[in-house]
Amino acid sequence: MKDVLPLISCVCITRDKPDLLERAIDCFLNQTYPNKQLVVLYEDIDELTKAFFKTHTYDSSVVILEVSGNPKLTIGKLRNYAISKADGEFISQWDDDDWYHSKRLELAYRYIQQTGKDGAILTRWMVFSCVEQQAYISNRRLWEGSVLCRKDAMLEKGYDDLIWGEDTPIIEYLHEHKKLALIEQMPLLYVYIYHGSNSWNYDHWNEIFKASIPLNEEDNSVMQKIIANEYTVETASALLDSICPKYKSAMPESMPL
């Protein structure tokens, strides 16, 4: 009998971004990994998201959590609460304003299987500036938002009670305790997007842009269309499969992270 794949719960904390949330949900629904769940958490003071879910219905793989916005909780506490309510053996961070390759969950879970680690994380991902309409391949580091990890391992530390930067300490903890497999040279699995209203300000993003590898004009044009939803997730993922290998020589695996 074929082994049943474990449930992966993708945790999405959202606020006031229904158009971007819809894209993130579409990326989730088009994941090739079959046994998946998306836990979307929003506050009851978020009228835009509340209205969105009145007009958009999804199957049982999408779980909606509405929590009180008074008193205001930090993003760290909201993430921990959503994880506590998730059913999955594994947790994947799933931010509402980014874009995801259709095989993000499948390939990350494969790395976990192959290495025997509790989790996996990208050392590079793609970056896109909606302001400048420019795409990049990032510098090499542990990109917190790309984590997929066993729920029990994540709960050992949990996210810090912070309004931003809450995901760095938990990733440092998991890495220091050798719980994470490093996924090298696969930035296509995740596109980190600057849209002008992100938690981090432009100075933070500009440092990322300066440290990253810009895509050439032809490939950048494709990325612009992907982010503008001019392709299905499946077609966009296939296009990225052909783009990223061109930049392999520019993505050395240098000193251990």
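Structure data summary
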quantity: Estimated dipole of the chain in Debye, rounded to 20 [Cβ of Lys and Arg +1, of Asp and Glu -1, Cα centre]; calculated: 640
quantity: Computed helical MRE - 222 nm, the chain, DSSP H runs ≥ 4 contributing -39500 (n - 2.57), nearest 500; calculated: -10500 deg cm²/dmol
quantity: Stokes-Einstein translational diffusion, segment 129-197 - Kirkwood Rh over all Cα pairs, 0.692 mPa s, 37 °C, in µm²/s; calculated: 237
quantity: Positive dipole terminus of the chain, leading residue within ILE45, ILE193, GLY145 (C-beta point charges); calculated: GLY145
quantity: GluC sites (Glu not before Pro) within segment 154-257, DSSP loop, no more than 15 other Cβ atoms inside 10 Å; calculated: GLU184, GLU230, GLU253
quantity: Distance in nm between pseudo-label sites at LYS248 and THR57 (7 Å out along the Cβ direction from Cα); calculated: 4.7
quantity: Two-site label geometry, ASN30 and VAL67: point separation in nm, points 7 Å out along Cα→Cβ; calculated: 3.0
quantity: The chain: relative contact order in percent, alpha carbon pairs under 8 Å with at least 6 residues between; calculated: 22
quantity: For segment 1-116: lysine pairs under 30 Å (alpha-carbon distance), excluding those fewer than 8 apart on one chain; calculated: 28
quantity: Ordering of 54-60, 210-216, 148-154, 107-113 by packing [mean C-beta count within 10 Å, highest first]; calculated: 148-154, 107-113, 210-216, 54-60
quantity: Segment GLU218-LYS178, extension gain: residue separation times 0.36 nm, minus the distance between their alpha carbons; calculated: 10.5 nm
quantity: Protein accessible area in the chain, 1.4 Å probe - carbon and sulfur %; calculated: 50
quantity: Heavy-atom accessible area per residue - segment 26-85, 1.4 Å, Å²; calculated: 50
quantity: Calculated FRET value between LYS225 and GLU47, using beta carbons and R₀ = 35 Å, to 0.05; calculated: 0.65
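The values are calculated or read from the model by the stated rules, or taken from the named source; none is laboratory data. These numbers come from a predicted model, not from an experiment. Here Cβ is always computed from backbone atoms with ideal geometry, including for glycine, and neighbour counts include all displayed protein chains. Accessible surface is based on the protein model in full, side chains and every heavy atom, while ligands, DNA and RNA are left aside. Shrake-Rupley method; radii C 1.70, N 1.55, O 1.52, S 1.80 Å.
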